[in-house]
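**Student:** Just dropping this structure here.
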Amino acid sequence: MKNIVILISGGGSNMAAIVRTAEREDWARRLGARVAAVVSNKADAGGLAFAREHGIATEVLDHKAYPSREAFDEALAAVIDRHAPTLVVLAGFMRILTPGFVQRYAGRLLNIHPSLLPAFNGLHTHQRAIEAGCRYAGATVHQVTAELDVGPILDQAVVPVLPGDTADTLAARVLTQEHLIYPRAVRRWLESQA
Ligand code: GAR
């Protein structure tokens, strides 16, 4: 069985899209894969309830309980490794990861970022795209490497920036596309390993 461990910090809509799409398109079964666990650094992350309702193991690890980034990442890796992951998926996991953590899962660590990388890495991507006068915005699925938001790009989706857009309206438009490209990138990654 190929175990997928998904890391979230918030609503978990990308995680839910991966779970739902894998069920609907039946590729988890076909590829011998399953979402084995959802791990959050926030106890109140909305996505945890969805995971529990779908019979997926959940784990919460509060980063504030650890003295350093390294200590948190070590504890996080120990939790993840309990689920013997083939693939680790960052889905709105709002923590910068240490090089040691990234190295441990090299080649099997994916992230989705709400911009057309390499433009607008980091935070507040939608506000920055609007302020820059971008006509198009989007999202990027990429492999995670030590440098933030820089790893090899696996997929992207483009949406228009419309007159009167706010960061929130643009984020909502981008998010609908994230829900299409992230499940697809996960499926393709699994197929590439088959
Ligand atoms: C998504 O828009 C994702 O691209 C972004 O957080 C949101 C999480 O939504 N990720 C980042 O900003 C990573 N730097 P979700 O919890 O509903 O999936």
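**Student:** With the condition kept exactly as written, say whether any residue in the stretch 131-140 is buried (at least 21 other Cβ atoms within 10 Å of the Cβ), among the aliphatic types (A, V, I, L, M), within 12 Å of the ligand (Cβ to nearest atom) and assigned to a strand (DSSP E or B).
**Tutor:** yes
**Student:** So which strands (runs of 3 or more DSSP E) are wholly in the stretch 7-101 and hold at least 1 residues that are among the polar types (S, T, N, Q), closer than 22 Å to T145 by Cβ and away from the ligand (no atom under 16 Å from the Cβ)?
**Tutor:** The qualifying strands (runs of 3 or more DSSP E) are 85-90.
**Student:** Every residue in the stretch 111-130 that is surrounded by 14 or more Cβ atoms within 10 Å (Cβ to Cβ) and at positive phi, please.
**Tutor:** Of everything in the stretch 111-130, just one residue is surrounded by 14 or more Cβ atoms within 10 Å (Cβ to Cβ) and at positive phi, namely F120.
**Student:** Name the single residue, out of those in the stretch 55-107 being without any contact (Cβ under 8 Å) to a residue 24 or more places away in the chain and within 16 Å of I18 (Cα to Cα), that is surrounded by the fewest Cβ atoms within 10 Å (Cβ to Cβ).
**Tutor:** Among those residues, the one meeting the criterion is G55.
**Student:** May I pose another question? Criterion first (touching a residue at least 24 places away in the same chain (Cβ under 8 Å) and away from the ligand (no atom under 12 Å from the Cβ)) does P114 satisfy it?
**Tutor:** Spelling it out, it is not the case that P114 is touching a residue at least 24 places away in the same chain (Cβ under 8 Å) and away from the ligand (no atom under 12 Å from the Cβ).
**Student:** Here is a list: Q156, Q127. Which entry is within 19 Å of N14 (Cβ to Cβ) and either within 11 Å of the ligand (Cβ to nearest atom) or at pLDDT 95 or above (or both)?
**Tutor:** Matching residue, one of Q156, Q127: Q156.
The values are calculated or read from the model by the stated rules, or taken from the named source; none is laboratory data. Everything numeric in this text was worked out from a predicted model, so none of it was measured. Using ideal geometry, Cβ is built from the backbone for each residue, glycine included, and neighbour counts are taken over all protein chains shown.
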